[in-house]
1. Could you quote the convex hull projected area for the range 75-225, Cα atoms only and averaged over all directions, in nm²?
2. Among Ser314, Ile438, Asn223, which residue has its Cα positioned farthest towards the positive end of the charge dipole of the chain, with +1 placed on the Cβ of Lys and Arg, -1 on the Cβ of Asp and Glu, and the dipole taken about the Cα centre?
3. Hey, for a label at Arg528 modelled as a point 7 Å past Cα toward Cβ, could you say which residues of the range 278-310 have their backbone N under 12 Å away?
4. Give me the percent of accessible area attributable to carbon and sulfur for the range 18-115, probe 1.4 angstrom.
5. Could you compute the FRET efficiency for Leu83 and Arg229, with r as their C-beta to C-beta distance and R0 at 22 Å, rounded to 0.05?
6. For Arg133, enumerate residues with amide H under 5 Å from its amide H, sequence gap 5+ or separate chain, H modeled in the peptide plane.
7. Using a cut-off of under 12 Å, list every residue of the range 14-39 whose amide N is near the label point 7 Å from the Cα of Asp111 along the Cα-to-beta-carbon line.
8. Just to verify a number: FRET efficiency for Thr123 and Arg40, C-beta to C-beta distance, R0 = 45 Å, to 0.05?
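The values are calculated or read from the model by the stated rules, or taken from the named source; none is laboratory data. Note that the coordinates shown come from a computational prediction; the quantities given were computed from them, not determined experimentally. Cβ: placed from backbone, ideal geometry, glycine included. Neighbour counts: every protein chain shown. These area figures cover heavy atoms from the full protein model, side chains too; ligands, DNA and RNA do not enter into them. Shrake-Rupley method; radii C 1.70, N 1.55, O 1.52, S 1.80 Å.
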Amino acid sequence: MSATTAPASAHGATDAHVLDALIIGAGFSGLYQLHALRDRLGLSAQVLEAGDGVGGTWYWNRYPGARCDSESHSYAYYFSDELVQEWTWSERYPGQAEILRYLNHVADRFDLKRDIRFGARVTEAHYDAAANRWHVRTEAGERYTATYLITAVGCLSAANIPQIPGLDSFAGQWYHTGQWPHEGVDFTGKRVGMVGTGSTGIQAAPVIADSAAHLTVFQRTANYSIPARNAPLAEEFKHWAKQNASEIKRTMRSTPNGHPFVIADRSAHDVSEAERRAIYEAAWEKGGLQFRASFRDLLQDKAANDTAAAFLRSKIGEIVKDPATAAKLAAIDHPFATKRPPIDTGYFETFNRDNVALVDVRATPIERVTPAGIQTRDGTEYPLDIIVFATGFDAMTGPLLKMDIRGRDDVSLRDAWQAGPRTYLGLQVPGFPNLFTITGPGSPSVLCNMPVPIEHHVEWIADCIRTMRENGIARIEAKPEAAEKWVEHVNDAANATLLPQAGHSWYLGANVPGKPRVFMPYAGGMARYRDICADVVARNYEGFSLTR
Ligand code: N01
């Protein structure tokens, strides 16, 4: 359904496009939300998307080696059986280009693109209490007005580019992995410096090293990594995944992280040291995030975690030939999986190449970028032609706070969240009626295989809007006391795990200077969270104010 155009309003929204629902972002979340609201509820709905195509994170993150860490048969929508049956993934983990093809297929199959405005970056969204409408403006000055505003902006879409003195003076090229040029970057014959060793840097380094003349990896925090063991999918597996789609969906929806495997129901202390080693060896050989599911207490019990950490450190020592380099790579200062565990294809092996060097910038921090390269505090200058910043994102709150969102009484979201994000269920913010935040802070989101929490939120929001319309409810708004209690519960859930022990993790906002340190995702598990949300609905939207 397309928008109609309204005359000037009291808010000054001249020639605004008038809609029931406006969705910001055309990634996994926005596409499904459009389908759910437009095609199932019959609402007039529109997506505004900053990029020139669908895909969200997969539209922007085109860096070398970009590939999903969730297994392909689980990194997909499960809301349509037909869709599941007609799409076939080619590899164990889907690469960026294949995911982008998939999302384009979904957009075309459900005829979504006609209601997506591409190249439309939202700069402001203001709530008009008198009209009970959201007034939204894009960078190009286009105006929209809608009853419901849904942010589908992703958790990891605001690039974190470090403010290193001298960057402007650099004579070569520099790139952030999350804003990668669509035409690609040719590293042939170049001296490349890569800053950052999170999931992204760990994926990119081996691929860059393959074509660059030389790669210097600047590591601030050493990281665990498990081999992905990516490979083309066997025909039998493809067949199995389709035949067992319902079972796979059930498993993903019943596990804490939304992955298609269950966590072993045993403690790391239940087995002998030799058995434990054999279990870890088997998980290492199998590869992937399933390693974390070897024992049920790896994220709760430090002594249990230490056994996994020691195993993974010993693997670095076995792979990396130069003992000094191996020692730097294995000097990991946080428990295993308290930062999002990367999985890799030949990451540690890359340091055995003659054209790769590792610089420990915890010991000698980067001091400045010079015209010729990167200079560290000890005065060493590393000559470079290209710098790659694999430095992550202003996660979860960043994408929302980049927009000027104002709720009731003109209060900005930035002010409301000065001390950190305060949401109810990660779905709504007190003072911001009819604003829904898909996978917002306070929801399980980034601790999960993302399509699972996304489908849940999209469906919860669509059901909520349907209920509102059927019952003549004009406004839904989280109650402040419900949000207070929820924030406390989110903290308690994190504190029941080892997750807060990685003091520099982006889960805590610690990677962005000046950002309040609050554990943002809900660590109580997706299955539990789903039950909580269902309960809230069963109690007539307990914790929300509903106004006729
Ligand atoms: O970002 P990160 P990412 N000087 O924040 C370092 C998802 N993801 O893009 O740890 C020097 O994890 C920083 O050091 P430190 C996944 O959820 C998924 O890698 O802050 N170094 C760290 O080493 C992931 O967790 C997939 O000390 C600086 C690195 O940069 C999330 O995205 C693939 C620095 C940033 O690591 C983010 O991953 C990729 C500075 N000034 C990502 N600033 C798939 O599923 C930062 N660093 C495929």
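1. 14.1 nm²
2. Most positive-ward Cα: Ile438.
3. It comes to 300, nothing else.
4. 45 percent
5. Efficiency at R0 = 22 Å is approximately 0.20.
6. Result for Arg133 returns Asp128.
7. Correct set: 39.
8. On the way: r = 30 Å, r/R0 = 0.67.
Computed FRET efficiency for Thr123 and Arg40: 0.90.
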